[in-house]
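A.B. asks: The following block contains the structure, expressed as structure tokens.
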Amino acid sequence: LFGTAVSVTSQAVVSTQSTGDARWDSVIATPGNRVMYQLFQGCTCVYEGVKTSCTVKNLRPFTSYVFRVRATNTGDQGPYSGPALITTNEGVPGPPAEVHNEGKPQHNSIKISWSPPPNPNGTLTGYVIYCDGKRVGVVGADRESYTVKDLPHSTSIPIQVAPTTAAGEGEKSVPIMCSTLNLSDYPPKKPILSTSGGANEINVSWIDPPKQLGPIDHYELVMNGQVIYSGKEQGFRVSNLEPLTNYTFNVRVVTADNYVIESEPAKKKAGSKGKVRSSTTSNMSRRPGSNGLTPRPLTTFY
């Protein structure tokens, strides 16, 4: 009955990202014989019927498929056609794999890395990085890490990565929570107070924090909420204080990155003689500006 194969060619199979439209020539059967057609995708029959076309669905993007067709009737089967090879169009990629926080925590940045998506659905063109839902960076397909910068300290924030192809941006990865360093983990110790220098004097000294966030630029000594010293020394004498008056002291560590970390307060009462005298001078401490330094009024006690 079927001496020659039905013809189906690659030009007769039109594909999109997830479908393929196959068409083939009809077979003229002898009277009384009803011809049916079987379309095979690889070794799987995906269509059987009397029509000479079929839309094959649920194909994967950017994937090659081989189609063949044959004619049949109740008592006979024709030979398979030659193969028709198609490749579906590119689609947007699936999410990347194994996104994780990399390296030690930093006070203002987070480094993440990832692996390419298991389902790229095309040729990868890059990755988009999201921090707390906002787009913060784009890298090429050859990169598999990124450092998110200029973050606040002492915070946790969700980060995601979305790969891209020519078809567009794909699915974002599951958010991972990443944390910057917590400044409360790096406090300086309370200042050391003594009155050995005089009845109405308080000697204040301090030591470096047990854990340092980074290079120390300078120290600030705060008395009753007012900065009375700023510099690199680790001691200061306050003289001629009000008699029988309680004073509260804090030490601030100012890092090279302009982070200010303050100690818990230490308290001490002045002696019974003497009187405070004050004068206003200029204190140069690191604050935002063109050169990082701006003057600030400072009451100096002596």
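A.B. asks: If E220 meets every condition in (1) modelled with pLDDT of 95 or more; (2) of a type outside the set (A, V, I, L, M, F, W, C); (3) open to solvent by 40 Å² or more (accessible area, probe 1.4 Å) apart from one, which number is that one?
C.D. replies: The number of the failed condition is (3).
A.B. asks: Separate question: Can you tell me which condition T180 does not meet? The list is (1) crowded, with 17+ Cβ neighbours inside 10 Å; (2) in contact with a strand residue (DSSP E or B) (Cβ under 7 Å, 6 or more places away or on another chain); (3) polar (S, T, N, Q); (4) farther than 30 Å from A266 by Cβ, and all the others hold.
C.D. replies: The one condition T180 does not meet is (4).
A.B. asks: Also, quick follow-up: Give all pairs with beta carbons closer than 6 Å in which a residue from the range 23-36 that is outside any loop (DSSP other than H, G, I, E, B) meets a residue that is of a type in the set (A, V, I, L, M, F, W, C); count only pairs at least 6 apart in sequence or on separate chains.
C.D. replies: Final answer for the pair search is R23/A12; M36/V50.
A.B. asks: If you check L221 against the conditions, is it within 30 Å of T147 (Cβ to Cβ) and among the hydrophobic types (A, V, I, L, M, F, W, C)? Give the steps one after another, and end with the answer.
C.D. replies: Numbers: within 30 Å of T147 (Cβ to Cβ): no; among the hydrophobic types (A, V, I, L, M, F, W, C): yes.
When the stated conditions are applied, L221 does not pass them.
A.B. asks: Taking the conditions exactly as written (among the hydrophobic types (A, V, I, L, M, F, W, C) and in contact with a Ser or Thr (Cβ under 9 Å, 6 or more places away or on another chain)), does I176 satisfy them or not?
C.D. replies: On the way: among the hydrophobic types (A, V, I, L, M, F, W, C): yes; in contact with a Ser or Thr (Cβ under 9 Å, 6 or more places away or on another chain): no.
Here the answer is no, as I176 does not meet what is asked.
A.B. asks: Name every residue in the range 1-32 that is aromatic (F, W, Y) and either open to solvent by 60 Å² or more (accessible area, probe 1.4 Å) or modelled with pLDDT of 85 or more (or both), in order of residue number.
C.D. replies: Taking the range 1-32 first, the residues aromatic (F, W, Y) are 2, 24.
Residue satisfying the conditions is W24 alone.
A.B. asks: Additional query: Search the range 46-74 for residues being free of Cβ contacts under 8 Å to residues at least 24 places away in the same chain and assigned to a loop (DSSP other than H, G, I, E, B), and hand back the single one that is nearest to N121 (Cα to Cα).
C.D. replies: Going through the qualifying residues, I end up with K51.
A.B. asks: Kindly provide the set of residues from the range 133-154 that are under 15 Å from S173 (Cβ atoms) and either of a type in the set (S, T, Y) or modelled with pLDDT under 95 (or both), ordered by number.
C.D. replies: Those that are under 15 Å from S173 (Cβ atoms) and either of a type in the set (S, T, Y) or modelled with pLDDT under 95 (or both): S145, Y146.
A.B. asks: Also: Output yes when any residue across the range 222-234 is within 23 Å of D257 (Cβ to Cβ), of a type in the set (F, W, Y) and part of a strand (DSSP E or B), and no when none is. Even if it seems obvious, please write down each step before you answer.
C.D. replies: Step one: filter the range 222-234 for residues within 23 Å of D257 (Cβ to Cβ), giving 222, 227, 229-234.
Among the residues that remain, those that are also of a type in the set (F, W, Y) are: 229.
Right, trim to part of a strand (DSSP E or B) and you get 229.
Yes, that holds for at least one residue.
A.B. asks: Name the single residue, out of those in the range 235-268 being outside any loop (DSSP other than H, G, I, E, B) and farther than 30 Å from P152 by Cα, that is nearest to the chain's Cα centre (by Cα). Steps first, please.
C.D. replies: Restricting attention to the range 235-268, the residues satisfying the condition of being outside any loop (DSSP other than H, G, I, E, B) are 235-238, 246-255, 260-262, 266-268.
Retained after the next criterion (residues that are farther than 30 Å from P152 by Cα): 235-238, 246-247, 267-268.
Values: G235: 43, F236: 45, R237: 48, V238: 49, N246: 49, Y247: 46, K267: 44, K268: 48 Å.
Ranking the qualifying residues of the range 235-268, first place goes to G235.
A.B. asks: Could you identify the single residue in P158, P215, P187 that is more than 26 Å from G271 (Cβ to Cβ), open to solvent by 30 Å² or more (accessible area, probe 1.4 Å), free of Cβ contacts under 8 Å to residues at least 40 places away in the same chain and not hydrophobic (A, V, I, L, M, F, W, C)? Before you say what the answer is, go through the steps one by one.
C.D. replies: Working: P215 fails: free of Cβ contacts under 8 Å to residues at least 40 places away in the same chain; P187 fails: free of Cβ contacts under 8 Å to residues at least 40 places away in the same chain.
After applying the criteria, what remains is P158.
A.B. asks: If a residue must be of a type outside the set (A, V, I, L, M, F, W, C), modelled with pLDDT of 90 or more and not in a loop (DSSP other than H, G, I, E, B), how many such residues does the range 171-195 contain?
C.D. replies: Going through the range 171-195 one residue at a time, the tally reaches 1.
A.B. asks: Kindly indicate which of T164, T123, T74, T88 is hydroxyl-bearing (S, T, Y), open to solvent by less than 10 Å² (accessible area, probe 1.4 Å) and more than 15 Å from the chain's Cα centre (by Cα). Working first, answer last.
C.D. replies: Details: T164 fails: open to solvent by less than 10 Å² (accessible area, probe 1.4 Å); T123 fails: open to solvent by less than 10 Å² (accessible area, probe 1.4 Å); T74 fails: open to solvent by less than 10 Å² (accessible area, probe 1.4 Å).
That would be T88, the only listed residue that is hydroxyl-bearing (S, T, Y), open to solvent by less than 10 Å² (accessible area, probe 1.4 Å) and more than 15 Å from the chain's Cα centre (by Cα).
The values are calculated or read from the model by the stated rules, or taken from the named source; none is laboratory data. Everything numeric in this text was worked out from a predicted model, so none of it was measured. Every residue, glycine among them, receives a Cβ derived from its backbone with ideal geometry; neighbour counts consider all protein chains shown. Each accessible area value is taken on the protein alone, full model and side chains, heavy atoms only, with ligands, DNA and RNA left out. Shrake-Rupley method; radii C 1.70, N 1.55, O 1.52, S 1.80 Å.
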